[in-house]
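S.K.: First the structure, which I've put down as structure tokens, then a few questions once you've had a look.
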Amino acid sequence: MKQRFVLLAILLTITLLVPVVLLNSSVLQTNDNLDNTVINELLNEISDDWDSISNKKAAFVPEKDGISYEVIDNNGNILIRTESGMPVDLGRATTERYTIRDIKVDGEVVGKLLINNEFKTLMANTQKAYIKRFIIIVAIEAVIISLFLLWVYMNIVRPFDKLKEFATDVASGNLDKPLKMDRGNIFGSFTESFDIMRSELNDAKQKEYEAQRSKMELISQLSHDIKTPVASIKALGELLEAQSTDAKSKERLGSIVAKADNIDIMVSDLFTEALTDLNELSVDLSEQESSILDKIIKDADYLDYVSDTRVEECIIVCDPLRTVQVINNIISNSYKYADTKIHLESHIEDDCLVVAFTDEGGGVSNDDLPMITKRFRRGENAKGKPGSGLGLAIAYELMEKMEGELEVANADKGLRVTLYFKIA
């Protein structure tokens, strides 16, 4: 991880240095390329012919070896020039960056030679060079920033989003969906730890289910063991009460029968309360768009087994968190027992939104079919596979609490689980 941050620091340093290097290479070159030998020759010619030139007035002459120039006397009068539009005085010539040389005759300055060094053209070319380099700088910066943002997305944002999805799955009770580990990103070691945590939680959950099942079996066995002798005591007491002729004996025998009834009721209450306490799930109903089911199904279907079919659009009554548990249990069961593609169907029937999940795992036997929505009951196809027999039972109970319904039936190739959501 330390090496990645070093590379990132180098990349950012380069990003800052590139513009400086490119701009420094664009320093305006103001040195003219005029040939001093040619200029000196021109000055000598003008000095030699000054008597003739001084009598002229803005006369046009040809350029000297490609040099454009003009001559003015000490009074500022233009004597000769090579083109029109040249400066009319020294002030303008200075402003336009002309090269200015003294014209001397017998050691006395008699005028000025103004030479056009094409400063405007040089400025225009320099501006073009600046614009070109500026565009290059912007392009390089854009590429570097894009690569940096891509790196941030791939190594920070996307892994963090996966961790958020994983946390949501764990919070909703879906502990079967693994978190893929990628050591290539910043959160690589964290993902490994989180997935170990998920696995440990899943194992703990399975052990809890097993403990609950053992508790249920113990209570059921104790209930049966207690009810049997109590029923015998009650039956014997009723028989003796019917045969007794003594009023006091009848009263005592009647008391024995009543106590036996009380014991029977208390044992039944104990059994019922234990069933309820094992998984008491509250439901908070609200109106939701049916599109919420699309996301729940997509999140639960981490193996992409569910066919890509959208749920019919409508407003349904449900608890989003409990709906996540219901759909997670259905898809998880299909993964565990069928391990095939899951066909999703959806339509509106009367005042219900119907959503059906059908796998291709061969279904269950007709004898097991009515029992698989009961707690701790599993079909023959579940042998050798981990589970507690609570998944569909909990989903069934939650759908009832959400004013809906869950049905299971065998289809042509497998098992179909159908959910009925009440339309608002």
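S.K.: Modelling each spin label as a point 7 Å along the Cα-to-Cβ direction, I'd like the ALA129/GLU313 distance in nm, to one decimal.
M.R.: About 6.1 nm, to one decimal.
S.K.: Taking neighbour Cβ counts within 10 Å as the exposure measure, how do PHE421, PHE194 sort from fewest upward?
M.R.: Ascending number of Cβ neighbours within 10 Å: PHE194, PHE421.
S.K.: Which entries in LYS162/LYS298; LYS162/LYS341; LYS215/LYS336; LYS205/LYS413 show an alpha-carbon gap greater than 22 Å?
M.R.: Going by Cα-Cα distance, LYS162/LYS341; LYS215/LYS336; LYS205/LYS413 fall outside the 22 Å limit.
S.K.: Now a separate question. If we count other beta carbons within 10 Å of each Cβ, what is the order of SER68, SER84, fewest first?
M.R.: Ranked by crowding around the Cβ, least crowded first: SER84, SER68.
S.K.: log₁₀ I(q)/I(0) of region 36-117 at q = 0.12, 0.22 Å⁻¹, via Debye over equal Cα point scatterers, no solvent, to two decimals?
M.R.: -0.28, -1.05
S.K.: Please compute the length gained on full extension between GLN206 and LEU90, using 0.36 nm multiplied by the number of residues separating them and subtracting their Cα-Cα distance.
M.R.: 31.9 nm
S.K.: Given the Cα-Cα distance of ASN44 and ALA142 and 0.36 nm per residue of separation, how much length would full extension add, in nm?
M.R.: 29.6 nm
S.K.: Order by neighbour count: THR245, THR126, THR168, fewest other Cβ atoms within 10 Å first, most last.
M.R.: Least to most surrounded, the residues fall as THR245, THR168, THR126.
S.K.: Skipping prolines and chain starts, which residues have an amide H placed within reach, meaning under 5 Å, of the one on LEU79, given they are 5 or more residues away or on another chain?
M.R.: ALA58, VAL71, ILE72, ASP73
S.K.: Using 1/(1 + (r/R0)^6) with R0 = 25 angstrom and r between the beta carbons of LYS295 and SER199, what's the FRET efficiency to the nearest 0.05?
M.R.: Result of the calculation: an efficiency of 0.50.
S.K.: Shifting gears a bit: In terms of modelled amide H atoms, which long-range or inter-chain residues lie less than 5 Å from the amide H of CYS314?
M.R.: Placed amide hydrogens put SER290, SER291 under 5 Å from CYS314.
None of the figures in this text is laboratory data; all of them are computed from the coordinates on show. No experiment lies behind these values; they were computed from the predicted model shown. A quick note on method: Cβ atoms are made from the backbone with ideal geometry, for glycine too, and the neighbour counts reach across all protein chains shown.
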